[in-house]
1. Once you sort the root eigenvalues of the Cα gyration tensor of the range 9-156 as a ≥ b ≥ c, which label holds: rounded (a/c under 1.5), prolate (a/b larger than b/c) or oblate (the other case)?
2. Where does the longest stretch of the chain lie that holds no GluC sites (Glu not before Pro) found in a DSSP loop with 14 or fewer other Cβ atoms within 10 Å?
3. Taking the range 1-74, how much of its Cα-Cα pair set, in percent, is spaced more than 18 angstrom apart?
4. List the trypsin sites (Lys or Arg not before Pro) in the range 483-527 that DSSP assigns to loop (not H, G, I, E or B) and whose Cβ has at most 12 other Cβ atoms within 10 Å. Which are they?
5. Summing -39500 (n - 2.57) over the DSSP H runs of n ≥ 4 in the chain and dividing by its residue number, what mean residue ellipticity at 222 nm do you reach, to the nearest 500 deg cm²/dmol?
6. Which one of TYR121, ALA308, ALA423 has its Cα pushed farthest toward the positive end of the charge dipole of the chain, where Lys and Arg give +1 and Asp and Glu give -1 at the Cβ?
7. Run the simple label-point estimate for ALA91 and ASN377 please: 7 Å along Cα→C-beta, distance reported in nm.
8. Take every DSSP beta bridge with both residues inside the chain and express the antiparallel ones as a percent of the total, to the nearest 5.
Amino acid sequence: MNQPQLANAAAGLTLYDTASHTVSAFHSIQPGKVGIYVCGATVQSSPHIGHIRAAVAFDIVRRWFERLGYDVTFVRNVTDIDDKILDKSAAAGQRWWERAYIYEREFTKAYDELGVLPPTYEPRATGHMMDMVSLIQRIIDRGHAYVVRDEQGNPTGNVYFDVASWPHYGELTHQKQTAQGTETVTDIDAVDVEVDEAARIADAMGPSVDAAGDDKYNPVDPADMSPDKHDVRDFALWKAPKDTDPEDARWSTPFGEGRPGWHIECSAMSHRYLEGMFDIHGGGLDLRFPHHENEMAQTRAAGYDSAARWMHSAWVTAKGEKMSKSLGNGLSVPAVLAENPAWVVRYALGSVQYRSMLEWSDQTLAEANAAYERVMNFISRAEDVLGEQVDRAEIVAQRADDLPVDFVNAMNDDINVSGALAAVFTAIRNGNALMDAKADSDQIRAALVSVRAMLDTLGLDPEADPWKTEESGQATEVLGKLIEAQLEARTEARKNKDFATADAIRDSLTAAGITIEDTPQGPTWSI
């Protein structure tokens, strides 16, 4: 099979690595291919802006790799079994799998509406139980996990990772192991000050929350105090069922009946789908510890390669405070989209570099709306001048080497989206200047193609789905309101026996391609 032909710009890509605290040149494990695993949602409730920020951030990373010419395998998992899903479904009188599927579909709808590309694979935890059981057994066999047994020597269903057996534990988050437990190393590289400061704030707030902003894993979980553990730092690979757990939320294994711990699913699925090309592991900042630290440890303890590079997106904040359901300031995606066009919301979520905190406010949305006006005014003006609309296929075919140098340099600088957007608006300003100067059509067309290709790299080409569909839907809605107003005027004219006016309204609508049908319930229309 022929290897993908990379753009020359690919040689200049540099990315940050959480584990090394450095920005370094990116080199894929397999030439021309990139494997990315991003922690997806725990589908316990509706998505909010905190969830979708991480999805948009890594969607942009993926799109840049593709523009550079890489063949990208993108995996985003779905956690469809955990304590919160079980507890909330029981409280709502639902089956746990019913609740998980309802909210999985809500997440998919939110991803689609905000232009997040579908993953290459989207595995569910419940679909990979045998993978997890096999991985746990491998870790046990290698001496890095232990099965808890009862007084008769029977397995209870609890299996823990033996942290003391793994001297590398703490390397991702730069923590050192002591007799008293895990301590954070304070000599943090200045490059990661913002991210690590955020992590320290999270620790000070108490229970850890996941990238979605939901309480998901508390480092001082009640299970941590279990007398079954050899060490307070040990974490669950497999969990014995609670008395309240439904019968269909339990799986039989060699180490007892139960269900998986949170961390093991990502190790099993990343190895399943990215063996030999696990270039990047992505996720929200909150997942660094304990989730990703534990995931790295158990994967490597099993004898498998963990991610070559770890990337973490920062939080969405509201008035300087982290946005999360646990703090009561989460904004649901449906509520935000009911008041703002999806393009504007996407722009707002992706307008800063992934490692920067994103302040969510009316001002953020106002700036995104202003950006939309500038973009659409330029594209509409250029298309009017050219007398044509550039085909999407031509935009998609633009390689990184075809784009402006300042845009390429910004994206190659650890996905500096702010710098990339500055390059977009510079190109728009230059394109408008060309039209003001009545430059030849080839120059104007080249400017239009360049702007749209840059926007497309950020998932914002207005002529692409879902934005084109959104625009069509808005146009249909506006058309419907105009027609309904005309029909109301016609009905009023008929009541007043002004049949000339009523007939004139009907004739004008018919001439416009609108068919009117009078029914006992009132007039209806169709195109």
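1. Values: a/c = 2.61, a/b = 1.32, b/c = 1.97.
It comes out oblate by the Cα gyration axes.
2. Values: sites that count: GLU151, GLU275, GLU388.
Longest run free of exposed loop sites: 1-150.
3. Tail fraction, whole percent: 49.
4. Details: sites: ARG490, ARG494, LYS495, LYS497, ARG506; in loops: LYS497.
Here the trypsin sites (Lys or Arg not before Pro) that fit, given the DSSP loop and packing criteria, are LYS497.
5. Values: 16 runs with 225 residues, N = 527.
Helices in the chain give a 222 nm mean residue ellipticity of -14000 deg cm²/dmol.
6. In the chain, that residue is TYR121.
7. 4.9 nm
8. Numbers: 28 of 48 bridges.
So the antiparallel bridges amount to about 60 percent of the total.
No lab work stands behind these numbers, since they all come straight from the coordinates. Note that the coordinates shown come from a computational prediction; the quantities given were computed from them, not determined experimentally. All Cβ positions, glycine included, derive from the backbone under ideal geometry; neighbour counts span all protein chains shown.
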